[in-house]
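Notes to accompany the following structure.
The values are calculated or read from the model by the stated rules, or taken from the named source; none is laboratory data. Owing to the predicted nature of the structure, the values given are computational and were not obtained by experimental measurement. In this analysis, Cβ positions are derived from the backbone assuming ideal geometry, glycine residues included, and neighbour counts consider all displayed protein chains. All accessible areas refer to the heavy atoms of the entire protein, side chains included, with ligands and DNA or RNA removed. Shrake-Rupley method; radii C 1.70, N 1.55, O 1.52, S 1.80 Å.
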Amino acid sequence: MRIEKHKLIAWIFFVTFWICATVPFVVQEATRSYQPGVVTALWGAGEVLVALLGLWTLKARVDKVIVLIFFALSFVDTVIVNHTSILYWLNGCRLYIGLVFMFPIIRYFWTDEKRRKYFVAKMDRTIYLYLVIQFPCMVVQCVRYGAWDNVSGSIGWMASGTASTIIYLSSFYLMVRRWNYDLSYVQNLKLNWVLLVLLIPTWLNETKISFIYIAMYFFFLVPMDRYFIKRLALILPIIGIVIVGASMLYYSFALKDTQVEMTSLSEYVMGNDILLDVVEYAFENDVNEVNEGDYARGIKFYILPYLYQRHYGSAVTGFGVGIYKGGNLMEKTEFSKRYFWLLNGTIMQWHMCLIELGITGGILYILFWITAFRLWRRHKGERDMRMSWMFGLVTILFSIYIPPFSIPPFYMQFMFMVFTCSRWHELPPYKHVPLLGSKKFKFSLHD
């Protein structure tokens, strides 16, 4: 029996995706327990497989340069500068697998027309089916645990921000793929109403950024042509109605949950004055243990200069990869133990990079996304501007809001969709994806 290479790679890729994307929900709901060890081991295995596939398909010069720069920088910062073991370094590299190895895999399929058609069709189907199963998963979680962080869909608990983010992006991608320019804005929404219905679960958890996502969703669906302003004037009332309706739904579920409290925007971003004073006192007096709860995102960015100042040279090199890992299968590093209060709780993708790899890593993170979106390419018709704006702004938002690249099912979809933003004209024609893949079942995206 002969198996074509591209089909074998695709088979490994999608089997890995579905196992990582569904097993956490099954295990957690069956046991009513978080099961961190199971989830860590499962996603760790998935990260290893993605890395191996990335190495197997690594051919493009730009991908080789990215891999070389990351591993050289992370090794020097972790092993040589911060004197951490190679095992910790390898374990810490897992958080960057999606950034480093996803594009080589996608590019392998993209460079050949036959492989591209095969892979894109499977990705479209995967993105849609993943979107569909989030609905029942999140409803079950909301009924069982209330509108809280456990409502994260099939990827399991404590990832509501990531779950909501990928739901909006997946629905948006499919909406643009299915867009008929011969029809009006409202007619396209009616034609693809199921994609709008599948957004509802994002209002069953406590992810407040969904208010921003839903406004961006309808705003960036407006075709960016010479009629953009005219269309926008007609669409703004629709956006307003949707946001009001979503707010009422959010109030019905999240705000009535006793665990969720409404705060002002400034307090949500920076926390209250008491917590800010506690953090400043801790750094000014070299206090290592701070017995407070989670800290607001703004505070964690605010104290970075204090952290760099406390440890000479760390502003350039950071504290090495792996400090966010450990605790389940490996022991935590000394830095992680000392600053547990800082690393625990709310984590942001770019903030994590700034702590682990310093300002050097933070700058390279920005340059990576410039390369990923190919911002220097301005050829008319090559990219879809709606996709580029939506995904570009969401990338900025999640970089300072959540750490989604710690979850394989997220980046396995997200990086594919980012890749298509600047290559939209190269996508093969869209194939209708029947619900659950059944040819007999007529309810599909086309309804």
**OP:** Using the structure shown, decide if GLY358 is part of a loop (DSSP other than H, G, I, E, B) and either at positive phi or at pLDDT 90 or above (or both).
**Re:** no
Subject >> Given (1) touching a Phe, Trp or Tyr at 6+ places or on another chain (Cβ under 6 Å); (2) open to solvent by less than 10 Å² (accessible area, probe 1.4 Å), number of the condition ASP124 does not satisfy >> reply: (1)
Subject >> Hey, LEU131 of a type in the set (A, V, I, L, M) and in contact (Cβ under 8 Å) with a residue 24 or more places away in the chain or not >> reply: yes
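Can you tell me which residues in segment 371-390 are part of a helix (DSSP H, G or I), within 17 Å of HIS425 (Cα to Cα) and in contact with a helix residue (DSSP H, G or I) (Cβ under 6 Å, 6 or more places away or on another chain)?
Residues satisfying the conditions are ALA372, ARG386, MET387, SER388, TRP389.
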Subject >> Checklist (1) crowded, with 20+ Cβ neighbours inside 10 Å; (2) over 18 Å from VAL316 (Cα atoms); (3) more than 24 Å from the chain's Cα centre (by Cα); (4) among the charged types (D, E, K, R) applied to LYS59, failing item >> reply: (1)
Subject >> Tabulated pairs, segment 288-310, first open to solvent by 50 Å² or more (accessible area, probe 1.4 Å), second among the small types (Gly, Ala, Ser) and modelled with pLDDT of 85 or more, C-beta under 9 angstrom, 6+ apart or interchain >> reply: PRO305/ALA315; GLN309/ALA315
Original post:
Of the residues that make up segment 264-276, is at least one surrounded by 12 or more Cβ atoms within 10 Å (Cβ to Cβ), on the phi > 0 side of the Ramachandran plot and modelled with pLDDT under 75?
Top reply: yes
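To keep it simple, each residue is scored yes or no on (1) open to solvent by 50 Å² or more (accessible area, probe 1.4 Å); (2) modelled with pLDDT under 95.
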residue: ILE3; (1), (2): yes, yes
residue: ILE12; (1), (2): no, no
residue: TRP18; (1), (2): yes, no
residue: PRO24; (1), (2): no, no
residue: VAL27; (1), (2): no, no
residue: VAL38; (1), (2): yes, yes
residue: GLU47; (1), (2): no, no
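Yes/no per residue for (1) at pLDDT below 95; (2) in a helix (DSSP H, G or I):
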residue	(1), (2)
GLY54	no, yes
ASP63	no, yes
PHE70	no, yes
THR84	yes, no
GLY92	yes, yes
Original post:
So which residues in segment 163-213 are part of a helix (DSSP H, G or I), open to solvent by less than 10 Å² (accessible area, probe 1.4 Å), at pLDDT 90 or above and among the polar types (S, T, N, Q)?
Top reply: SER164, THR165, SER170, SER171, ASN188, THR202
Original post:
In this structure, does TYR411 turn out to be among the hydroxyl-bearing types (Ser, Thr, Tyr), surrounded by 21 or more Cβ atoms within 10 Å (Cβ to Cβ), in a loop (DSSP other than H, G, I, E, B) and modelled with pLDDT of 80 or more?
Top reply: no
Subject >> Failed item, numbered, when LEU397 is tested on (1) within 17 Å of GLY298 (Cα to Cα); (2) crowded, with 20+ Cβ neighbours inside 10 Å; (3) of a type outside the set (Ser, Thr, Tyr) >> reply: (2)
Original post:
Since PRO104 meets every condition but one in (1) open to solvent by less than 20 Å² (accessible area, probe 1.4 Å); (2) within 21 Å of LYS325 (Cβ to Cβ), which condition does it not meet?
Top reply: (2)
**OP:** Output the qualifying pairs, or none if there are none: Cβ atoms under 8 angstrom, residues six or more apart or on different chains, first residue in segment 10-22 and in contact (Cβ under 8 Å) with a residue 12 or more places away in the chain, second residue surrounded by 16 or more Cβ atoms within 10 Å (Cβ to Cβ) and aromatic (Phe, Trp, Tyr).
**Re:** ALA10/PHE109; ALA10/TYR118; ALA10/PHE119; CYS20/TRP43; ALA21/TYR130
Original post:
Quick check: anything in segment 86-98 β-branched (Val, Ile, Thr), farther than 23 Å from ILE370 by Cα and open to solvent by 60 Å² or more (accessible area, probe 1.4 Å)?
Top reply: yes
**OP:** Within segment 333-353, track down each residue that is open to solvent by less than 60 Å² (accessible area, probe 1.4 Å) and farther than 28 Å from ALA60 by Cβ.
**Re:** THR333, PHE335, SER336, TYR339, TRP341, LEU342, LEU343, GLY345, THR346, ILE347, MET348, HIS351
